[in-house]
């Protein structure tokens, strides 16, 4: 028995191990097959259950009456007929399918807690537990519901089931809405997953019975096959042991016409070449190790360069976001200097803008202390002449001074004594140069071609930001001028209206509405007209003065005074303010209509007179028609039309002389 299964050392021999391996593989395949079948069946049934739950919860959400549901806000509302009607609706939904365990509606309070509103359970569950109370929180809500409750706008179902004291369930949720489209709450539905559990148990039982049935067959087949493979493998093992001990002359004599025979031939060939391979192995290992180290170093260098470039581009993007968020030019320039210095680590960053005549580059912002002193002194450089900045603003090309001690173009500024390298880039909008971005470092050779590429991108972003800020300021200025012009126009036109009108306003009392004969002189009215703000005073009577405004220009006032000490309610003040706004717009519209009518009548009169004049063919008729038409147009007036004679011309000539 021991010889059949064990080696002389007391371990399992190759035949036994092959038999066990075959048996293990067979069992593993059986288990894997069973697991795959189990997984597929479970996934299919779960998906069917989810689709079923989604359909049910969608239909159930459509059955909810949101107009009634919104009235349920307190636990005491459970006793009213609306709550009972909504619960009856949900119970009717439960009765449509025996697998529905519960149907419930939920809301979320200001703390973010989910609480029940109307909870209905099936008759079976009602014996085990009652429905949740109105306002009772849902402490064990699933992660899907908690994460999506606030923004849920479509039905969704849990991806897996859960098991509690009353069974295995799959939950689904759907929002329901009021008629105006506002979401009222979320409807939940728990569907029994007993079918999924039963299918899983059946699959497990089938898999176990299959393994038990085929286990003896697999064991016998493994033993027989192992016997056929064991003998030549044992002989090859003995040969390998002899070669391992240094006997490279040993050869096997297995002549099978299968893979074992091929293995024996390969084994013999291997023994013949082992000496050659051993002698040259160390040299080849060394060569390949060196090549691998060199390749690894190259890859590391490339990776570091890519990481650095990605970090620099990300920094440029961060700087771009920081500076494009500011629209005020006075705030933008210092922000650009400080952000560029902080993100890239250079001690001095300066921004130069060209003067109006484009002869000088004027320092407009800087982050360093020396730069601040230069700003106070009005530092500027002549374009095309002084320093690197002068060269850049004159040529439109970037310039780098790797070592300021040896660069002839560098302008040595006593306020920046620590500068050892400098880079300047033009700020351009299209082909127009508007300034320069100047960056200085404390170390020589602080910049390279890659920095030039990155800062060129940054300079383009700075140029666009400056242009946007300028356009924004010009737009704001134009809007302010237009607003001022319009307000002056409104003020002028309404002064004309009040001067030409017979009535300056109306007064309403118990006697009705009457024209206002004298200007209103109450303190509240004067304050409202002067400040343009609502004025309210309370004493023996309550007085409310509301200004009538058009585009910020006060054109009148509404004065409301009560006959008693009754204070005006907030709603009454809001109504009066709203009426004041509408009165302002209405009378402005009426003024514009009246002005349009006057202009139309004027144009019509001028057109008629021109038509009559055009109908005359001699000078006498033209002159007569002109005075007659003007007389009819200006009744009660004397019209005289006289042509200039020679005496008048002589008098004018004498005056000119």
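The values are calculated or read from the model by the stated rules, or taken from the named source; none is laboratory data. Since the model is a prediction, treat every value here as computed from it, not as a measurement. Cβ: placed from backbone, ideal geometry, glycine included. Neighbour counts: every protein chain shown.
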Taking region 517-529, which residues are surrounded by 12 or more Cβ atoms within 10 Å (Cβ to Cβ) and touching a residue at least 12 places away in the same chain (Cβ under 8 Å)? 520, 522, 524, 525, 527, 528, 529
Sort out which residues of region 552-598 are part of a strand (DSSP E or B) and surrounded by 16 or more Cβ atoms within 10 Å (Cβ to Cβ), and write them in order of number. 553, 554, 555, 556, 557, 558, 559, 560
Pairs returned, first residue in region 626-647 that is loosely packed, with under 13 Cβ neighbours inside 10 Å, second residue that is in a helix (DSSP H, G or I), beta-carbon separation under 8 angstrom, 6 or more apart or interchain, are 637/630; 637/631; 640/627; 641/623; 641/626; 641/627; 643/623
If you go through 230, 291, the only one that is out of contact with any strand residue (DSSP E or B) (no Cβ under 7 Å at 6 or more places or on another chain), modelled with pLDDT under 70, outside the structural domain of residue 423 (by TED's automatic domain parsing) and at negative phi is 230
Residue in region 171-207 that is surrounded by the fewest Cβ atoms within 10 Å (Cβ to Cβ), counting only those that are within 30 Å of residue 70 (Cβ to Cβ) and more than 34 Å from the chain's Cα centre (by Cα): 191
Checked region 110-133 for anything outside any strand (DSSP E or B) and in contact with a strand residue (DSSP E or B) (Cβ under 6 Å, 6 or more places away or on another chain); matches are 113, 122, 125, 131, 132
What pairs come out if I take residues in region 432-448 that are without any contact (Cβ under 8 Å) to a residue 40 or more places away in the chain and pair them with residues that are surrounded by 19 or more Cβ atoms within 10 Å (Cβ to Cβ) whose C-beta lies under 8 Å away, six or more apart or interchain? 443/421
Taking the residues in region 88-109 that are surrounded by fewer than 17 Cβ atoms within 10 Å (Cβ to Cβ) and part of a loop (DSSP other than H, G, I, E, B) as candidates, determine which candidate is nearest to the chain's Cα centre (by Cα). 109
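Does residue 150 satisfy being out of contact with any strand residue (DSSP E or B) (no Cβ under 6 Å at 6 or more places or on another chain) and either touching a residue at least 12 places away in the same chain (Cβ under 8 Å) or in a helix (DSSP H, G or I) (or both)?
Judged against the criteria, residue 150 is a match.
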Say whether the condition of being farther than 30 Å from residue 336 by Cα, modelled with pLDDT of 75 or more and not in a helix (DSSP H, G or I) is met by at least one residue in region 486-504. no
Filter result (in contact (Cβ under 8 Å) with a residue 24 or more places away in the chain and outside any strand (DSSP E or B)) within region 164-181: 165, 166, 178, 179
